[in-house]
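First the structure, in the form of C-alpha cells, and then the observations on it.
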Amino acid sequence: MKVEIDRDRCQSYGVCVQAADEIFDLDDEDELVVRQAEIEDQGDLAERVRLAARSCPMTAISLDRPRPREVQR
Ligand code: SF4
C-alpha cells in the first residue's frame, strides 16, 4: 500500500508518529517525513499505518491499495 500525505492539510501534530514511528517522523523544523512510502498491505506495521491515517486530525494521510487482480478464466 502506498502512503501519501496532503502537505497542505498536515499541521505536524505528530499523531501519526506515535502510531507508526518507523514510517512517520517530524524533522527539526516540524515537517513531516515519510520514511517509507510503500509498505506491505498485511501485518502489524500496516495496521498501525491504517491507525495513523484514521487518527490524523487533519485527514492528511491517504492509503492507496493496489486493486485486486482480475480473475483469470
Ligand atoms: S497526524 Fe496528520 S497532521 Fe499530524 S503530522 Fe501526521 S499527517 Fe500531519
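Derivation of every value follows stated rules applied to the coordinates shown; laboratory data play no part. Just so we're clear, the structure is a prediction, and the values are computed from it rather than from any experiment. FYI the Cβ positions are ideal-geometry reconstructions off the backbone, even for glycines, and counts take in every protein chain you see.
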Out of the residues in segment 10-44 meeting the condition of being within 7 Å of the ligand (Cβ to nearest atom) and outside any strand (DSSP E or B), tell me which one is surrounded by the most Cβ atoms within 10 Å (Cβ to Cβ). 16
Return the residue satisfying two criteria in turn: it lies in segment 45-57 and is of a type outside the set (Gly, Ala, Ser) and surrounded by 15 or more Cβ atoms within 10 Å (Cβ to Cβ), and of such residues it is nearest to the ligand (Cβ to nearest atom). 56
